[in-house]
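A short reminder: the numbers here are calculations on the coordinates, not readings from a lab. On a predicted model such as this, the values are computed, not experimentally measured, just so you know. Backbone-built Cβ (ideal geometry, glycine too); neighbour counts: all protein chains shown.
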Amino acid sequence: MKEKLKEILKNGLQKVEELVDLKALDEVRVKFLGKTGELTQILRGMKDVPAEERKEVGSIANNVRVKLEEAITNKLCELENAKLLADMEKEKVDITEPSKGTKKGALHPLTRFNNKFMQLCVEMGFTVIQTPEIETDYYNFEALNVPKNHPARDMQDSLYITDTILMRTHTSPAQVRAMETMKPPFKIVCPGRVYRNDNDSSHSPIFNQFEALVIDENIGLKDFMTMVKEMAVRLYGEDVKMRVRPSYFPFTEPSIEIDATCQMCKGKGCSLCKGTGFSEFFGGGIVNPVILEMSGIDSNKYSGFAFGPGIDRSVMVTNKIPNIKYLFRNDLRFLKQMK
Ligand code: PHE
């Protein structure tokens, strides 16, 4: 037995010594120390060794196990180190080689403009909400006082999915959804994509708007104008000029269209503003009491104003983009030119 153990040790150490790869090392470990390995068998058979020899043989066997384990661990370190060095050699980087430069990503011009406007609204106390892009006929038209067969539905040339479900044609459904769920007083703003069946160089079937709605007691046109003026100043600077034109929306009464100093020519007059020095800022008005009542708000106590700027046109003007489609093609050659 003692002889056998000596031989196992000699054999084992020699095998470990000769090894050159990690896989073979594992095989050797299994052969000697594994569940059915040579040494394990002997350790298991200890009970058959005569009692007077058992202590000595046991101690030798243990010694052999320790020595073999030690040899295997040392070899493992040696092989792993060698592999690491070889890998490092293979993956060597020449740090003196000139860099190819890194390409920085940037936010899309529409996202940047939207973020700027949302930041402004949040500073003015608005809560930002989001409502569905696929809307029901009820929220998109009916609840906004645009009954079936109303010409406004025609005007918007909608993209219907079924007879009663459509891609929202404006963000105004957010007004109704807010009035139904929030308790006055509140101020909400809802940015998002809207869809119309329009397609030429200045119209895209997808474009972006946002909806702002303020509901409180004693709200009137003067409050609306004060807020709009403040927004225009914060967006375009102190010397911005504004003008107001009467307009019509079924959900605001009175309705107005607000123009601000043309940002392309700074008011001097150019082809974009057709020489007037003004370009359209947005449409809005005082919330029609009919809408308040339909959404469950007492129109004798509360009133409000709403407005809904389109943001694509502003982005086109400030970046001198000739065709609205460029904003949606994600062509890097175009996007890289945007400031
Ligand atoms: N939803 C209108 C449009 O798309 C704009 C608007 C918003 C008008 C809010 C009045 C109040 O043209």
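Below are the figures for this structure:
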| item | result |
| --- | --- |
| Under-5 Å amide H pairs with Val194, H placed in peptide plane, nonlocal only | Phe207, Asn208, Gln209 |
| Kirkwood-type radius of the range 174-325, with distances r between different C-alpha atoms, in Å | 16.5 |
| Chain lengthening between Asn11 and Lys241 when straightened (0.36 nm per residue, less Cα-Cα) | 73.1 nm |
| Ranked list, fewest to most other Cβ atoms within 10 Å of each Cβ, for Cys262, Cys121 | Cys121, Cys262 |
| Mean separation of Cα contacts under 8 Å (6+ apart) over length of the range 2-91, as relative contact order % | 38 |
| Ratio of Rg to Rh over the range 53-97 (Cα coordinates, Kirkwood Rh, two decimals) | 1.49 |
| Projected area, mean over directions - the range 2-91, Cα convex hull, nm² | 5.9 |
| Rg/Rg_ref, the range 117-244, where Rg_ref = 2.2 N^0.38 Å and atoms are Cα | 1.16 |
| Fewest-first ranking of Ile95, Ile129, using other Cβ atoms within 10 Å as the exposure measure | Ile95, Ile129 |
| Least to most buried among Asp21, Asp137 (fewest other Cβ within 10 Å first) | Asp21, Asp137 |
| Surface/4 estimate of mean projected area, convex hull on alpha-carbon atoms of the range 102-142, nm² | 5.0 |
| Cysteines not pairable in the chain (beta carbon separation under 4.7 Å absent) | Cys77, Cys121, Cys190 |
| Radius, Kirkwood style, for the range 215-305 when every pair of distinct Cα atoms is counted (Å) | 14.3 |
| Interchain or long-range residues, amide H under 5 Å from Thr127's placed H | Lys187, Ile188, Val189 |
| P(r) tail fraction, the chain - alpha-carbon pairs more than 39 Å apart, % | 46 |
| Label-point separation, Asp87 to Lys148 (7 Å along Cα→Cβ), nm | 7.0 |
| Most mobile listed residue (Gly283, Gly34, Gly310) in the chain, GNM with C-alpha springs under 10 Å | Gly34 |
| Contact order relative to length of the chain, as percent, for alpha carbon pairs under 8 angstrom and 6 or more apart | 13 |
| Whole-Hz ³J(HN,Hα) from phi, Karplus 6.51 cos²θ - 1.76 cosθ + 1.60, for the range 7-21, glycine and proline x | 5, 4, 4, 4, 4, x, 4, 5, 4, 4, 4, 6, 4, 10, 9 |
| Residue with peak Gaussian network fluctuation, the chain [Cα springs, cutoff 10 Å], from Thr102, Thr164, Thr226 | Thr102 |
| Label-reachable residues, the range 156-194, where backbone N falls under 16 Å from a point 7 Å from Ile134's Cα toward its Cβ | 159-169, 193-194 |
| Residue among Asn63, Asn288, Asn208 with the largest mean-square fluctuation in a Gaussian network model of the chain, springs linking Cα atoms under 10 Å | Asn63 |
| Size-normalised alpha-carbon gyration radius of the range 68-170, reference 2.2 N^0.38 Å | 2.49 |
| From phi via Karplus (6.51, -1.76, 1.60), per-residue ³J(HN,Hα) for the range 112-118 in Hz, x at Gly/Pro | 4, 5, 4, 4, 4, 5, 5 |
| Among 301-308, 315-322, the order from most to least packed when residues are scored by Cβ within 10 Å on average | 301-308, 315-322 |
| Separation in nanometres of the label points that stand 7 Å from Cα toward Cβ, at Asn199 and Leu335 | 2.3 |
| Cα gyration tensor category, rounded, prolate or oblate, for the range 57-128 with a/c compared to 1.5 | oblate |
| P(r) weight above 17 Å for the range 275-339, C-alpha pairs, percent | 60 |
